[in-house]
Structures are given as structure tokens and as C-alpha cells.
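One structure is given here, and the rest of the page talks about it.
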Amino acid sequence: MRTVLLTGFEPFAGDATNPSGDAVRLVAAEWNDPERLVVEVLPVEFDRAGRTLTELIATHRPEVVVATGLAGGRSGITPERVAINLMDARIPDNAGAQPVDVPSRPNGPAAHFATIPVKAITAAIVEAGVPASVSHSAGTFVCNHAMYTALDSTDRESRRAGFIHVPHASENAPEGQPSLPLADIARGLRIAIRTSLDAETDATYAAGTIS
């Protein structure tokens, strides 16, 4: 049976909730596709998040890995194209660690590109009526570390892996922050999984930026 690993994150930085964790739980609750879905809510900790992801991939050997996290301030779902080999934390993680200018993997490649079909995913989410766009930076906090680790831990010839940032959920977004209903976030993630499983190649269209 084909296996999909879907992860979100626990709350951090004083927030009561994290829409990525809430959304992956919702996807799991509604899952009725033929593939086996493994869902995990990761700690917002550099060390434990990386180790947990690596262990999950080794244990379940998923065909597709989709890790997700919160990008506050973004107004739509944003599949990430690239993870860089850098931890540079502006704030401490939930364990109090604050690495600065430290590689995710010593002597590892400078970057890993997503192997899920980022542009095809984005186009499919938009077609379903949910705001989405391609992102070219997963940042330098735990989300980027998780993406780099997932890609570094998968057989790139036989598995697809990547990371998707989600906005705040409308149900509990901080005042003034852009958001989407949690149901739409979960719907976007289901589309991302299905596209990653079914699309043989990525879409080709301009999704770059000029800034």
C-alpha cells in the first residue's frame, strides 16, 4: 500500500494554536483515500523535529512526505520550492534553543529543492478556489529545518518530499492578520497530497519574483 506522511507543528511563540497542526488532524479525520496516511504533529524544536521526521521516514518509508507549518502574515497556502542548509533563529524554539548560523546538516548540500510538484500543487489549489502561490523561501527557523531534513532523509529517486506553509486559520487568527478558514487549509493540503501522488511531472509556468 502506498503511504503518505503528513506533518504539522504544535503552537509556538505564545500562540494558543497552530493551524498547521490543526489542519493535518482535520485531514486525518476526513481521510478516505486508498493510500495509508500517517499524520504527526511535530514539536517546534530544531533537534526533536528533525529527529522525529527522520525516524518517521525510516519507519514508514512513505512515498510522499508533506510537512507543513505556519507562516503568519501570508494570505494563502504557499508550497515551498527550496530549503537551505541553515538554522538562524530570530527567536528561541519551544525548547529554548536559538541556533545562529548553524547548518541543518554539517557538510550537507547548501540547499535541497522540493521533489513534490510545487507548481502543479499550487495551480490545483487555486483551481479549487483556495488562495495559493509558490514560495521561494522557507525561512531559517524550524520549518526550513524540517523541510531540509525531510528532503535529506528521502530517496530522491523514489519518493517525493516537500514543505507547505499555511496562513493563520480564520477561527483564531490574531487581529489584523490575513487568514483562511481551517477547512480551506485542510482542503488545500488534501489537494497537495493527491497531486503529489498522481502528477507524473510538475507544471511549467512562471512563478518567480522580481524582488
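Tabulated data for the structure shown
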{"read-out": "For the stretch 13-68, fraction of C-alpha pairs farther apart than 18 Å, in %", "value": "40"}
{"read-out": "√(5λ) per eigenvalue of the Cα gyration tensor, the stretch 1-153, largest first, Å", "value": "23, 18, 17"}
{"read-out": "Karplus 3J(HN,Hα) series, Hz, for the stretch 126-142 with 6.51 cos²θ - 1.76 cosθ + 1.60 (x for Gly, Pro)", "value": "4, 4, 7, x, 10, x, 7, 7, 6, 10, 10, 8, 8, x, 9, 9, 5"}
{"read-out": "The chain: antiparallel DSSP beta bridges as a percent of all, rounded to 5", "value": "20"}
{"read-out": "Solvent-accessible area, 1.4 Å probe, carbon plus sulfur percent, for the stretch 108-211", "value": "53"}
{"read-out": "Ellipticity estimate at 222 nm from DSSP helix runs (n ≥ 4, -39,500 (n - 2.57)) divided over the chain, nearest 500", "value": "-10000 deg cm²/dmol"}
{"read-out": "Relative packing of peptides 64-72, 182-190, 36-44 - highest average C-beta neighbours within 10 Å first", "value": "64-72, 182-190, 36-44"}
{"read-out": "Positive dipole terminus of the chain, leading residue within P43, G21, I210 (C-beta point charges)", "value": "I210"}
{"read-out": "Computed accessible area, I125, all protein chains, 1.4 angstrom probe, square angstrom", "value": "0"}
{"read-out": "The stretch 65-111 - accessible surface per residue (Å², probe 1.4 Å)", "value": "46"}
{"read-out": "Mean shadow area of the stretch 108-211 over all directions, Cα convex hull, nm²", "value": "8.0"}
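The values are calculated or read from the model by the stated rules, or taken from the named source; none is laboratory data. Here the structure is a predicted model, which means the values were calculated and not measured. Cβ: placed from backbone, ideal geometry, glycine included. Neighbour counts: every protein chain shown. Each accessible area value is taken on the protein alone, full model and side chains, heavy atoms only, with ligands, DNA and RNA left out. Shrake-Rupley method; radii C 1.70, N 1.55, O 1.52, S 1.80 Å.
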